Every structure is written in structure tokens, then in C-alpha cells.
Amino acid sequence: MAELTSGNNAEQEAIDGRDPIVRRVLAALVADARRDSERLAALAGLSAEQVRELIAALEQQRVIRGYKTVVDWERLGAERVVAFIDVSVSPQREVGFDQVAARIYRHPEVRSVHLVSGGHDLRIVVEAPTMREISQFVSEKLAPIDHVTATNTHFLLKAYKEDGDVLVEDRPADDRLPVTP
């Protein structure tokens, strides 16, 4: 691992993502972003100060893009509606997928936008308090965008696992499903 001794080093040298220590620290943060530098240092074989410098460098270089809290809104009685919207785009000269995606991802209800393979070009995840608001987003904001030729909306009925987190009560490991011949 490149030596980290000052904040200036973080700005000058790119961090090698193949370095096993860097990968170990990142994996630990992905598993639990609340881990303190002392616990991370023990996992990585570094000092707490080296871990803090490494994390600062990863943040400065936008390898670590942020931290977020995951909320189970349903448990609070504040349900949200999530929709996956497939979008077909007819890109024109000097107006490619990136420009259309940029017009879409600026809307606050849009959670993610991906360029995908298959029958559609973009896959959008949208979240709003009601189905009506998602419908209005599609009809009033998304469909009128230049070069959007078709949309196909799928509403989320139930999430079982998201961002690596299992969202339902898991079966015990030895609980086998019945098999019929």
C-alpha cells in the first residue's frame, strides 16, 4: 500500500484498488460504515491514523462516494411506492444517452438511472408517496423529454433483498423447501 503520511499525499497519488489492505478496509466499510478507525485498523493491520488518512484519500478521490442511512419506511407506517421504468430512447447526432440520462436524473424522485442492454435503453428507479405521483412523473416529466420514444413502468410489489441487505425474515439454514417428484 502506498504510504499515507499527510493529507497532501491523498491529493497527489491515486490509491491502488487492487491493494488487499485497501480492499479489506473498503469491504469492512461496505459491511458496516459505522465502524470506527480503531476497529478498521485492527482488520487491516494499520494504525488508526493510517486508516483515517486512507479513508480521507478514498473520499477525496471519490472512491468512497458517500454514506447513507437505510430506512424501513413501512415499519414507520410511511409507505413509499417504488417503480422501475424502462425507457426507450432514440439518440440523435450530438444527443446521446448521456444527455437524455442527465435530463432524467435531475428529478428528485429519481433514485437511479442506468444504461442497460435488452429491449430498452435506460432503466430508472423512481420513488414517490403514491402511484399517482409516479404516473404524473412518467406522463408529465419523463415522456415529454426529447428523444424518449417509449416507457414501460413496473411497480415494486415486495422487496426481498436490496443493496445486499435481506429485508424479510430469513428461513433457518436447515429449513428445506419440500420437493415433489
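Can you tell me which residue within segment 60-83, out of those that are out of contact with any helix residue (DSSP H, G or I) (no Cβ under 6 Å at 6 or more places or on another chain) and of a type in the set (A, V, I, L, M), is nearest to V25 (Cα to Cα)?
Checked segment 60-83; the qualifying residue nearest to V25 (Cα to Cα) is V63.
Would you mind telling me which numbered condition in (1) over 26 Å from L115 (Cβ atoms); (2) hydrophobic (A, V, I, L, M, F, W, C); (3) in the same structural domain as Q136 (by TED's automatic domain parsing); (4) surrounded by 12 or more Cβ atoms within 10 Å (Cβ to Cβ) A78 fails?
(4)
Quick check on my filter: what residues within segment 48-70 are closer than 11 Å to A14 by Cα and surrounded by fewer than 17 Cβ atoms within 10 Å (Cβ to Cβ)?
Correct list: Q60, Q61, R62, V63.
So if I check each of L122, L167, which one is at pLDDT below 95, hydrophobic (A, V, I, L, M, F, W, C), surrounded by 10 or more Cβ atoms within 10 Å (Cβ to Cβ) and farther than 13 Å from A83 by Cα?
L167
Restricting to segment 133-152, give me the number of residues that are within 25 Å of the chain's Cα centre (by Cα) and over 18 Å from V95 (Cα atoms).
9
Just to verify a result, which residue in segment 3-42, among those that are among the hydrophobic types (A, V, I, L, M, F, W, C) and exposed (fewer than 15 other Cβ atoms within 10 Å of the Cβ), is modelled with the lowest pLDDT?
Once the filter is applied, the top-ranked residue is A14.
Checking the structure you have, find out if any residue of segment 59-66 is under 30 Å from Y160 (Cβ atoms), in contact (Cβ under 8 Å) with a residue 60 or more places away in the chain and not assigned by TED's automatic domain parsing to the domain that holds T130.
no
So the check is Cβ under 6 Å with 6+ separation or different chains; which pairs have a first residue in segment 30-44 that's over 18 Å from G164 (Cβ atoms) and a second one that's polar (S, T, N, Q)?
A41/S47
The values are calculated or read from the model by the stated rules, or taken from the named source; none is laboratory data. Just so we're clear, the structure is a prediction, and the values are computed from it rather than from any experiment. Heads up, the Cβs are rebuilt from the backbone with ideal geometry, glycines too, and the neighbour counts pull from every protein chain shown.
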